[in-house]
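Peer 1: One structure follows; several queries about it will come next.
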Amino acid sequence: MSKRGKIAMLLLIIIGGFVLRLAGLYWGEAFHHASSGDEMVAYRVAMEFAAGQERAQYIGQPNFKGAKVPGPLWALFWLAGLKIGGSPASVCLLVILLGTAVIYFVYRLAEKLLGPEYSLWAALFCATSPWAVHYSVGATNPLLMAFLSGLLYLSLWDVVVGEKSPKIFWVCLILAVMPQFHMMVIFLAPAVLLVLALNFSRVNWRWLAAGVVASVVPYIPYI
């Protein structure tokens, strides 16, 4: 397949995936029975943040073993969606847009890991798989993990295969930001650190130091 044809196919797959996800919002109103309670609390915390409520400025809505995740980024995400469209449906639309971007991330990762002959198939499965579509529609915090993980893995790949890649900055920052959306990501951190340790000689230490400093910034309100 020519390069132009491949790009056209990828665009068709991404548009098709977006339409499927948009249908989930239009037909089912992005309803998730198991997470509707979390979504209502997230709505409340976002409103509290907008009103200047102190607690909402340093912790989020999601639970982690009976405690709350540190930092306000999930509340800010909800607030951004509400400001765009004025209702929780606009938060769902924002999640759908990020979920659609995941299709492209999967395409890029498959191209890097498996080769170009598999990348379109991987994108197609991501765009049309029922569970991938189901977990790209809604307004609950785990739905952002695929988007953030895709950014993390693409950056980490460039750090591992390149020489002194500045993208180590983004590896640090994304990994630091993710727990403000879902604390289960802390179990991912040891694997990332192991990969970096195995590629010790390739690490760009200047950008690593900058990434560590930047990683503290999202937690200043919590600290």
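The values are calculated or read from the model by the stated rules, or taken from the named source; none is laboratory data. What you are looking at is a predicted structure, and each value in this text was computed from that prediction instead of being measured. As a convention, Cβ positions derive from the backbone with ideal geometry for all residues, glycine included, and neighbour counts pool all protein chains shown. These area figures cover heavy atoms from the full protein model, side chains too; ligands, DNA and RNA do not enter into them. Shrake-Rupley method; radii C 1.70, N 1.55, O 1.52, S 1.80 Å.
Peer 1: In whole Hz, with x marking every Gly and Pro, tabulate ³J(HN,Hα) for the range 191-205 from phi via Karplus 6.51 cos²θ - 1.76 cosθ + 1.60, θ = phi - 60°.
Peer 2: Residue by residue, the range 191-205 yields 5, 5, 5, 5, 4, 5, 5, 5, 10, 3, 6, 8, 6, 8, 5 Hz.
Peer 1: Right, here's the next one. Taking DSSP loops as anything outside H, G, I, E and B, show the longest stretch in the chain free of GluC sites (Glu not before Pro) there with at most 14 other beta carbons within 10 Å.
Peer 2: Maximal segment without exposed cleavage sites: 55-162.
Peer 1: Please list, in chain and number order, the residues 5+ apart from residue 61 or on another chain whose amide H is under 5 Å from its amide H, with Hs placed from the backbone.
Peer 2: 75
Peer 1: Given a Förster distance of 22 Å, report the FRET efficiency between residue 131 and residue 108 from their Cβ-Cβ distance, rounded to the nearest 0.05. Mind showing how you got there, number by number?
Peer 2: Values: r = 21 Å, r/R0 = 0.95.
Once rounded, the FRET efficiency stands at 0.60.
Peer 1: Say R0 is 35 Å: what FRET efficiency, to the nearest 0.05, do residue 118 and residue 164 get from their beta-carbon distance?
Peer 2: 0.75
Peer 1: Of the residues 182, 134, 33, which exhibits the maximal mean-square fluctuation in a Gaussian network model of the chain defined by a 10 Å Cα contact cut-off?
Peer 2: 33
Peer 1: State the Cα centre-to-centre distance between the range 1-77 and the range 143-192 in whole Å.
Peer 2: So the two Cα centres are separated by 19 Å.
Peer 1: Another one. Taking only C-alpha pairs under 8 Å that are 6+ residues apart, what is the relative contact order of the chain in percent?
Peer 2: 23 percent
Peer 1: With all pairs of different alpha carbon atoms counted, what Kirkwood hydrodynamic radius in Å does the range 54-116 show?
Peer 2: After inverting the mean inverse Cα-Cα distance, the result is 13.9 Å.
Peer 1: Which value, in Å² and to the nearest 10, is the accessible area of residue 165 when all protein chains are kept and the probe is 1.4 Å?
Peer 2: 20 Å²
Peer 1: Aspartates and glutamates near residue 6 by alpha-carbon distance under 15 Å, same-chain residues fewer than 8 away left out - which ones?
Peer 2: 111, 117
Peer 1: Would you calculate the separation in nanometres between label points at residue 44 and residue 89, each defined as 7 Å from the Cα along the Cα-to-beta-carbon direction?
Peer 2: 2.4 nm
Peer 1: Cross-link candidates for residue 68: which aspartates and glutamates have Cα within less than 17 Å, leaving aside residues fewer than 8 places away along the same chain?
Peer 2: 38, 39, 48, 54
Peer 1: Further question on the same structure: Probe radius 1.4 Å, ligands and nucleic acids left out: which of 119, 149 has the largest accessible area, and how do the rest follow? Kindly include the intermediate steps, with their values, before the conclusion.
Peer 2: On the way: 119 0, 149 20 Å².
Final ranking, largest accessible area leading: 149, 119.
Peer 1: OK, next. If you roll a 1.4 Å probe over the heavy atoms of the protein chains, what accessible area per residue do you get for the range 95-201, in Å²?
Peer 2: On a per-residue basis, the range 95-201 sits at 47 Å².
Peer 1: Residue 139's amide H: which non-local residues (gap 5+, or another chain) put their own amide H closer than 5 Å, with H modeled 1.01 Å from N in plane and none for Pro or chain starts?
Peer 2: none
Peer 1: Counting only Cα, what are the radius of gyration and maximum Cα-Cα distance Dmax of the chain, in Å?
Peer 2: Expressed in Å, the Cα Rg and Dmax of the chain come to 18.6, 56.
Peer 1: Between residue 1 and residue 54, what length in nm is gained on full extension when 0.36 nm per residue of separation is reduced by their alpha carbon distance?
Peer 2: Gain on stretching residue 1 to residue 54: 13.4 nm.
Peer 1: Still on this structure, I have one more. Go through 202, 4, 55 and list them by solvent-accessible area, largest first, probe radius 1.4 Å. Mind dumping the intermediate values first?
Peer 2: On the way: 202 70, 4 200, 55 120 Å².
Descending order: 4, 55, 202.
Peer 1: Under a cut-off of 17 Å between alpha-carbon atoms, report the lysines in cross-link reach of residue 3, not counting same-chain residues fewer than 8 places apart.
Peer 2: 112
Peer 1: Any chance you could look up the accessible area of residue 186 with a 1.4 Å probe, heavy atoms only, rounded to 10 Å²?
Peer 2: The accessible area comes out at roughly 70 Å².
Peer 1: Moving to a separate point now. How high is the FRET efficiency from residue 187 to residue 67, r the C-beta distance, R0 25 Å, rounded to 0.05?
Peer 2: 0.95
Peer 1: Helix-derived [θ] at 222 nm for the chain: sum -39500 (n - 2.57) over DSSP H runs of at least 4, divide by residue count, nearest 500? Numbers along the way, then the final one.
Peer 2: Numbers: 10 runs with 147 residues, N = 223.
Helices in the chain give a 222 nm mean residue ellipticity of -21500 deg cm²/dmol.
Peer 1: Now, a different point. Using θ = phi - 60° and the Karplus curve 6.51 cos²θ - 1.76 cosθ + 1.60, what whole-Hz ³J(HN,Hα) does each residue of the range 116-126 get, with Gly and Pro shown as x?
Peer 2: Couplings: x, 6, 9, 5, 5, 5, 4, 5, 5, 5, 5 Hz.
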